[in-house]
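The values are calculated or read from the model by the stated rules, or taken from the named source; none is laboratory data. Note that this is a predicted model, so its numbers are computed, not measured. Positions of Cβ are generated from backbone atoms using ideal geometry, with glycine treated the same way; all protein chains shown enter the neighbour counts. Heads up: the accessible areas ignore ligands, DNA and RNA and are worked out on the full protein's heavy atoms, side chains in. Shrake-Rupley method; radii C 1.70, N 1.55, O 1.52, S 1.80 Å.
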Amino acid sequence: GVTRLLLTRIPFFKEIIVSSFACGSCSWSNTEIQSAGRIQEQGVRYTLAVTSRQDMNREVVKTDCATARIPELDFEIPAFTQKGVLTTIEGIIDRAVAGLEQDQPVRRATDEEVASKIDEFIGKLRQLKEVHSPFTFIIDDPSGNSFVENPRAPHKDDALAVAHYRRSPQQAAMLGLEGKEPGEKPAEAAEDLSSEVLQFNTNCPECNAPADTNMKLVQIPHFKEVIIMATNCDSCGHRTNEVKSGGAIEPRGTRVTLRITDPSDMTRDVLKSETCSVEIPELEFELGMGALGGKFTTLEGLLKDIRDLVERNPFTLGDSSAPRRSAKLQEFIGKLHEIIEGKAEAHFIMDDPAGNSYLQNVYAPEEDPELKVERYERTFEQNEELGLNDMKTEGYESEGASGR
């Protein structure tokens, strides 16, 4: 047979490699996917409330290390039991049914009771495809490379919840990531990094060629220290920058609301951490935490990055574009362009549960009439995403001593 390989980009996600095999003799065919990117810094969990037949057609990228669950049936596809696949929710259910039916003739001959229970369960799986009653579909991927389509993109999908989390040591070991060696001593902290640019070797995220990443500690006025990292690739010309918070997670979350009323607002400095979500109510637009990573730029630069993210969507280009979806995205890009040029007023909202994002107050140290900063207590779910619920910073010494 012939195996075909295609490098493609999933809209609002990342690049993947699709491999398709077809045999001309027996007509058997198979499709698999492999991530063209690296293992992400955080794992991801997609929770979808399936309420209609249209939801069954949502595209799904399921890597081989991802776990798929349907709690209503107590059904789970464990990690590494299937190869990576690019399919739909209906396709995942069909693959599960095909896998369960594979050995049924042998079971009926050896253990009829087990075979009848499996037949009953297969019937329940097939009924799910008709969506007579709502059910929940969950994909949990420690590598962060799985994906469930949002057909309303770039708008928020109320039926789809996306949560990013820190991998446990067991999940990191499962992915083959190396941890610290036992007895390894931490590196000594440098005395003064504020005037020094550190450089370390890495690989280009686009062409994988050797490249250098520069890192510098910067003090943002009226805020805190941040670490800016910039990578330049001499082979393909790719350039990227990312920002990490130089301090701890704040005791409370921060919600910053700016009313854009003048073109000069586009020059305000913006620090968007990787835990920050962005919302523009006038466009019904929401950018989830983790998207675009951490950035230190201007408001205009961040809005242009959002515009580029939408424009690079391959579903709006070529033969693969749906006219209705393409027109909706073009309308969104037009409205966003008007805001960037100062022709339309809008509200720009940054919500960071970690409290490590910042929007410049041009009247500092006085109050800005167009800028509103709110501090709020994090919910249990937000603490869970930040990994704070499992942290114990008080009383652990005595507890460890009693355990010994």
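Can Ile333 be described as in contact with a Lys or Arg (Cβ under 7 Å, 6 or more places away or on another chain) and farther than 22 Å from Asp269 by Cβ? If you could, list the steps in order and put the result at the bottom.
On the way: in contact with a Lys or Arg (Cβ under 7 Å, 6 or more places away or on another chain): yes; farther than 22 Å from Asp269 by Cβ: yes.
Judged against the criteria, Ile333 is a match.
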* Only one of (1) without any contact (Cβ under 8 Å) to a residue 24 or more places away in the chain; (2) hydroxyl-bearing (Ser, Thr, Tyr); (3) under 27 Å from Leu160 (Cβ atoms) fails for Thr67. Which number is that? -> (1)
* Structure fact -> When segment 196-255 is checked residue by residue, the ones that are open to solvent by less than 50 Å² (accessible area, probe 1.4 Å), assigned to a loop (DSSP other than H, G, I, E, B) and within 25 Å of Lys372 (Cα to Cα) are Ile220, Lys224, Gly246, Gly247
* Asked: Hey, does segment 149-167 have a residue that's at pLDDT below 85, open to solvent by 60 Å² or more (accessible area, probe 1.4 Å) and outside any loop (DSSP other than H, G, I, E, B)?
  -> no
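Could you list, in sequence order, the residues of segment 371-386 that are part of a loop (DSSP other than H, G, I, E, B), open to solvent by less than 60 Å² (accessible area, probe 1.4 Å) and among the charged types (D, E, K, R)? Step through it out loud before you land on a result.
Here is the first cut: in segment 371-386, the ones part of a loop (DSSP other than H, G, I, E, B) are 377-379, 386.
Keeping just the survivors that are open to solvent by less than 60 Å² (accessible area, probe 1.4 Å) gives 378, 386.
Hit for segment 371-386 is Arg378, nothing else.
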* Conditions (1) out of contact with any helix residue (DSSP H, G or I) (no Cβ under 9 Å at 6 or more places or on another chain); (2) among the charged types (D, E, K, R); (3) over 22 Å from Phe147 (Cβ atoms); number of the one not met by Glu242 -> (3)
* Structure fact -> For segment 238-295 the number of residues that are in contact (Cβ under 8 Å) with a residue 24 or more places away in the chain, among the aliphatic types (A, V, I, L, M) and closer than 17 Å to Ile227 by Cβ is 4
